[in-house]
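Structure first, then comments.
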Amino acid sequence: MGKKLLKNASIVDVHGIRMGDVLIDDEVILKIGTDISDPNATVYDLEGKHLLPGVIDDQVHFREPGLTHKGNIASESRAAVAGGITTFMEQPNTNPQTVTIAKLEKKFQMAADSAFANYSFLFGGTNDNLEELKRLDKNACSGVKLFLGSSTGNMLVDDEAVIEQIFLNTEMVISAHCEDEGTIKRNLETFKNQYGDAIPIPLHPQIRSEEACYLSSSKAIALAKKTGARLHVFHLSTGKETELFRNDIPLSEKKITAEVCIHHLWFSDADYDTKGTLIKWNPAVKTASDRERLWEALLDDRLDVIATDHAPHLMEEKQNVYTKAPSGGPLVQHALPAMLEKFHDGVISLEKIVEKMCLNPAILFQIDRRGVIKEGYFADLVAVDLDDPWQVTPDTIAYKCGWSPFDGHTFRSQITHTFVNGHLAYENGRFSEHRNAKRLTFDRA
C-alpha cells in the first residue's frame with residue numbers, strides 16, 4: 001500500500017491532545033511527530049480534525065452464518081468502518097452456533113473473505129461442550145461467551161456445575177450475559193396473564209428487571225472470585241450492578257471487569273413511548289436513574305469498556321407484538337458519533353472516549369498492537385470533524401436492515417476518514433471496496 005502521511009491532526013490519546021503528523025508505512029505507524037515530510041507518501045491534510053485510534057467493539061452480532069437476512073459480516077463491518085470501528089468481536093449465537101473449534105474456524109474463514117474491519121470471534125460455552133472448550137487454544141480467539149440468561153439464539157447455560165467447570169478450565173476472558181432466567185420467566189408469565197402477547201413495551205424493564213440482572217451478575221462474580229476465573233460482564237444496565245465492580249486497581253490487574261453499551265448510556269424507559277420495540281434490548285433499557293449511575297461508574301472507572309451489542313433485525317420483525325418482537329438493534333455506525341455528542345454536552349472527554357472505546361478493549365483482551373496511536377502499532381485510525389452536523393436518515397444508514405434507533409437525530413460530529421491497517425477504508429461517505437482487515441492476534445503468554 002505504500003506510505004501515507006496524515007498532517008496537522010489533533011491527535012487524541014488517554015493522556016491528552018497534541019498537534020502532530022502520523023506517517024504510515026504499509027500497515028503500521030512508522031513515525032509520529034511534527035513537520036514530518038516524506039516524498040514517497042500520499043498526504044492527507046487533517047487540519048481542523050481530531051485523530052483517534054480505531055474503535056474496538058467487543059460485542060457485536062453480525063448474523064453470519066444462518067441469519068443473513070438481518071445482516072452479514074460484509075454489510076455490518078462496512079457500517080462499522082463508517083462509524084470509526086476498525087475492530088469487532090462477534091458473538092457465537094448464529095446458526096449454527098459457534099460452539100465447536102471447527103465452526104469457529106469456519107467463521108474466521110468467512111471473515112477473511114468478507115470483513116472490512118479487523119475481526120475475532122467469541123467461542124460459545126454450552127451445557128455440553130466443556131471438553132471442546134478445554135481444547136481451545138488461549139490465543140485462538142477473543143475469549144469465551146456464556147449466556148447466563150437466555151437471549152437471541154437460545155444459548156442459555158443453566159447447569160451450575162458446568163458453569164463452574166468452565167470457569168475452572170479456561171485462561172481466556174469469559175464474557176457473560178447476566179440475567180436470571182427464573183426471574184424473567186416469572187415476570188413474563190405475570191404480564192402474559194394480564195395482556196397476552198400484546199404486553200406494552202414499557203413493561204420490558206419490569207420483565208427483564210433489575211432483580212434479574214443483579215441476581216445473575218452477582219452470582220457470576222462470586223463464582224469468578226471463588227475459581228479465580230477472568231470474568232467480563234457484558235452490557236450492564238442497572239445502577240445497582242455498578243456496586244459490584246472496583247476502581248482501585250489498574251485495568252491490567254483486574255480479574256473482574258464490566259462493559260456498558262451505547263443504548264444504556266443514551267436511552268431510558270421514558271423513550272419506550274416514542275421508540276417502542278426499536279429500543280427493545282436484552283438486558284432492557286431501564287430508568288433515567290440507572291442511566292445516570294452507569295455514567296458515574298463509567299467515568300470513575302468501575303466500568304471499563306463502551307461497546308454496542310450491535311444486533312440488527314428487520315423492521316418488520318421489530319414491529320411485531322411484544323412477545324414476538326426480537327430484542328436488539330443496529331448501532332455500530334452511530335456509536336462513536338453518539339459518544340461524541342456526550343463530549344459536546346460536557347459529559348465525557350475525548351480522552352475518556354478513547355480510553356473506553358479503544359485502549360481498554362485492547363488491554364482487556366490482550367490484543368496485539370492495537371487500541372492506541374503509537375509507533376510500531378497497526379495503523380487503525382479515525383479522523384473526526386467535531387463541527388460538521390449531519391442527520392441520520394435512511395439514505396445515510398449503512399446497515400443491511402436499513403434502520404437505526406437514531407433515525408432523525410442530528411449529530412454534531414462526523415467521521416471523515418477511517419484507516420484499517422493503513423488502508424483508507426472510508427472517506428467522507430465513500431467506501432473503498434478493497435478490504436485490508438486482519439484476524440486479531442493476541443499477546444497472551
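Which residue out of TRP281, TRP266 is touching a residue at least 12 places away in the same chain (Cβ under 8 Å) and open to solvent by 10 Å² or more (accessible area, probe 1.4 Å)?
Step by step, each of TRP281, TRP266 is checked, and only TRP266 is touching a residue at least 12 places away in the same chain (Cβ under 8 Å) and open to solvent by 10 Å² or more (accessible area, probe 1.4 Å).
Quick check on VAL12: is it open to solvent by less than 40 Å² (accessible area, probe 1.4 Å), aliphatic (A, V, I, L, M) and touching a helix residue (DSSP H, G or I) at 6+ places or on another chain (Cβ under 9 Å)?
Yes; evaluated as a whole, the condition is true for this residue.
Among (1) open to solvent by 10 Å² or more (accessible area, probe 1.4 Å); (2) touching a residue at least 40 places away in the same chain (Cβ under 8 Å); (3) not in a loop (DSSP other than H, G, I, E, B), there is one condition GLU316 misses while meeting the rest; what is its number?
Of (1) open to solvent by 10 Å² or more (accessible area, probe 1.4 Å); (2) touching a residue at least 40 places away in the same chain (Cβ under 8 Å); (3) not in a loop (DSSP other than H, G, I, E, B), only one is false for GLU316: (2).
Any idea how many residues of the stretch 95-122 are in contact with a Pro (Cβ under 9 Å, 6 or more places away or on another chain) and open to solvent by less than 10 Å² (accessible area, probe 1.4 Å)?
5
Name the residue that is least open to solvent (accessible area, probe 1.4 Å), counting only residues in the stretch 319-361 that are assigned to a loop (DSSP other than H, G, I, E, B) and over 21 Å from ARG63 (Cα atoms).
Among those that are assigned to a loop (DSSP other than H, G, I, E, B) and over 21 Å from ARG63 (Cα atoms), it is ILE348.
Quick grid of which residues meet (1) farther than 18 Å from MET89 by Cβ; (2) touching a Gly at 6+ places or on another chain (Cβ under 8 Å); (3) of a type in the set (Lys, Arg); (4) crowded, with 20+ Cβ neighbours inside 10 Å:
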| site | (1), (2), (3), (4) |
| --- | --- |
| ASP159 | yes, no, no, no |
| GLU164 | yes, no, no, no |
| GLU171 | no, no, no, no |
| HIS177 | no, yes, no, yes |
| GLY182 | yes, no, no, no |
| LYS185 | yes, no, yes, no |
| THR190 | yes, no, no, no |
| GLY196 | yes, no, no, no |
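Before we move on, is GLY125 small (Gly, Ala, Ser) and open to solvent by 30 Å² or more (accessible area, probe 1.4 Å)?
No: the conditions fail for GLY125.
The values are calculated or read from the model by the stated rules, or taken from the named source; none is laboratory data. In this text the structure is predicted, and so the values were computed from the model without any measurement. All Cβ positions, glycine included, derive from the backbone under ideal geometry; neighbour counts span all protein chains shown. Quick note on the areas: whole protein, heavy atoms, side chains included, nothing else; ligands and nucleic acids left out. Shrake-Rupley method; radii C 1.70, N 1.55, O 1.52, S 1.80 Å.
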